[in-house]
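K.L.:
Pasting a structure here, questions to come.
The values are calculated or read from the model by the stated rules, or taken from the named source; none is laboratory data. Since the structure is predicted, the reported quantities are computational estimates derived from the model, not experimental observations. A quick note on method: Cβ atoms are made from the backbone with ideal geometry, for glycine too, and the neighbour counts reach across all protein chains shown. Side chains included, ligands, DNA and RNA excluded: accessible areas come from the protein's heavy atoms. Shrake-Rupley method; radii C 1.70, N 1.55, O 1.52, S 1.80 Å.
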Amino acid sequence: MPSKKALVRRPSPRLAEGLVTHIEREKVDTDLAVEQWEAYVEALQAHGWETVEVAPEDDCPDSVFVEDTVVMYKNVALITRPGATSRREETVGVEEAVARLGCSVNWIWEPGTLDGGDVLKIDDTIYVGRGGRTNAAGVQQLRAAFEPLGARIVAVPVSKVLHLKSAVTALPDGTVVGHIPKVDRPSLFPRFLSVPEESGAHVVLLGGEKLLMAASAPKSADLLADLGFEPVVVDISEFEKLEGCVTCLSVRLRDLYA
């Protein structure tokens, strides 16, 4: 049976100091962010996910964006080497967490850089965004780790947003969803659905036809509901001020061995 565990990490008290690359900095309400994070975790739990809280990194402002620290494929956890130097300490606690869950652990090594937000998995195809915080050596090392396990690695350009999954994610049937102005090459994806809002491109598959989505994308949620999906909406406004989205706040472990 597929596993339904999700790594999460409590926001740092220094969250408001988090990195901003492609948008103007706005004031972050840290107390509200904690409330929103707790509601996000509750939404996962309400839909059958067992959340595993990684030890907090209070001195790492971006540490709540736990997705960037590890990439999962089958039972292998590839510990990343984030492209932003200030984020490299975030991986230690995540490595400990996945090791406790029984994962086989691999690592990205210098000179490679790889952020988990640049990795989109659709069955055995793994799209890797190249151009921001993930470099060519990082792509090569990911390929070396996962191709022997049956994965097909496809590198795609990213220049308009922070990470690949800031531009596109995928629906349960494998269709890639994205907001056209933020996607470098929509034609690279065999099936592509345009959505009307940038944050409408961000979905977390909760199981069945349920999609975790941000409250900032009501038109996209309506579109997907019309297509037969079931949006589960959460407000993550404080994390969006730091280029975060619903995918960034957890790592879903679907293929752990029993």
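K.L.:
Under the rule of at least 5 residues apart or a separate chain, name every residue whose amide H is placed under 5 Å from the amide H of residue 81.
P.N.:
108, 114
K.L.:
Give the residue list of trypsin sites (Lys or Arg not before Pro) in region 184-258 that are DSSP loop and have at most 12 other beta-carbon atoms within 10 angstrom.
P.N.:
Qualifying residues, ordered by number: 191.
K.L.:
For a Förster distance of 25 Å, can you work out the FRET efficiency between the beta-carbons of residue 32 and residue 86, rounded to the nearest 0.05?
P.N.:
Taking R0 as 25 Å, the efficiency between residue 32 and residue 86 is 0.60.
K.L.:
Report the full-extension gain for the segment residue 235 to residue 159: residue separation times 0.36 nm, less the Cα-Cα distance, to one decimal in nm.
P.N.:
Here the segment from residue 235 to residue 159 would lengthen by 24.7 nm.
K.L.:
Just to be sure I understand the model, the point goes 7 Å from the Cα along the line to the Cβ. What's the resulting residue 22 to residue 99 distance in nm?
P.N.:
3.4 nm
K.L.:
A further question follows. Would you mind checking the pairs 74/241; 182/210; 121/219; 27/74 and listing those with alpha carbons more than 30 angstrom apart?
P.N.:
Violating the 30 Å limit, Cα to Cα: 74/241; 27/74.
K.L.:
Give me the accessible area per residue for region 1-58, probe 1.4 Å, as a whole number in Å².
P.N.:
57 Å²
K.L.:
What number, rounded to the nearest 500 deg cm²/dmol, is the helix-based mean residue ellipticity at 222 nm of the chain, given -39500 (n - 2.57) per DSSP H run of at least four residues and division by all its residues?
P.N.:
Here the helix-only value at 222 nm equals -6000 deg cm²/dmol.
K.L.:
Could you give the length gained by full extension between residue 192 and residue 46, i.e. 0.36 nm per residue of separation minus their alpha carbon distance, to one decimal place?
P.N.:
This chain segment gains 49.6 nm when fully extended.
K.L.:
Roughly how many whole Å is it from the C-alpha centroid of region 20-68 to that of region 207-258?
P.N.:
Rounded to whole Å, the Cα centres lie 14 Å apart.
K.L.:
Rounded, prolate or oblate: which fits region 120-237, taking a ≥ b ≥ c as square roots of the Cα gyration tensor eigenvalues, rounded meaning a/c under 1.5, else prolate when a/b beats b/c?
P.N.:
prolate
K.L.:
Nothing charged except the Cβ atoms of Lys and Arg (+1) and of Asp and Glu (-1): what's the magnitude of the dipole of the chain about its Cα centre? Round to the nearest 20 debye.
P.N.:
Here the chain has a charge dipole of around 960 debye.
K.L.:
Take each of the peptides 158-171, 227-240, 124-137, 22-35, average the number of other beta-carbon atoms within 10 Å over its residues, and list them starting from the highest.
P.N.:
My ranking of the peptides, most packed first, is 158-171, 124-137, 227-240, 22-35.
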